[in-house]
Ligand SMILES: [Zn+2]
């Protein structure tokens, strides 16, 4: 398996011309309820990228893994101990400079495997700049939950995906994360508080501080989490990521692979 963090520079130099894409996982360190560790988005992004790489191999696509960026934009979780956050400005600059570094070595094809919704504005900002300043054949973000929302109808009993919820817990189980299922909660029951249900239904991109709307940190029903649902999600989203990469393959990069 091609993992840049475990390779020497000559090995990386030699593989770059034959790569169909480099997978760059982006995570976050933030509360995920009573039942998931604070590294969940980091863990998910990293493991999901690994699964995409494996799937790529089966499909004849040559993918390499980058190190994963652990910390993201989690300001709305900061009332919960253990959460760590970068400002959007710092995050997007860090991401931009990482992309610039890859690009300077001739890497023209990057799929960003994002594990955390709060990173999206910073990612979009970094991509605008990176596209202006660099030469790219493929530079796209992949938000797996968007695929789940669009094409995963029927997988989740609750029918929605938000935070440390049925879907995220299921995926964590499938990816062998540390999951304390006996501590999983249905946040929609908390004190009869319907405010987080309203958030699930709203189209708002910005969310209020989580401690205003959930006491556990969960938004959704994590008690419905199951490994088998996570495996279905994994199957769906890894294939979607491969399609994004394949859809952008140029004839040259195909023959080079
Ligand atoms: Zn998460």
Handout entry: segment 140-166, residues that are part of a strand (DSSP E or B) and surrounded by fewer than 22 Cβ atoms within 10 Å (Cβ to Cβ)
Key = 140, 141, 143
Exercise for the section: Provide a single number: the residues in segment 3-42 that are surrounded by fewer than 23 Cβ atoms within 10 Å (Cβ to Cβ) and either within 16 Å of the ligand (Cβ to nearest atom) or more than 23 Å from residue 94 (Cβ to Cβ) (or both). Expected result: 13
Problem - Residues of segment 1-46 that turn out to be touching a strand residue (DSSP E or B) at 6+ places or on another chain (Cβ under 9 Å) and in a strand (DSSP E or B), as a count - result: 9
Exercise for the section: Name the residue, out of 25, 81, that is within 13 Å of the chain's Cα centre (by Cα) and closer than 25 Å to residue 219 by Cα. Expected result: 25
Problem - Of the criteria (1) over 14 Å from the mean Cα position of the chain (by Cα); (2) in contact (Cβ under 8 Å) with a residue 12 or more places away in the chain, which one residue 90 fails - result: (2)
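A short reminder: the numbers here are calculations on the coordinates, not readings from a lab. All values derive from a computational prediction rather than experimental measurement. Neighbour counts run over all protein chains shown; Cβ positions are idealised from the backbone, glycine included.
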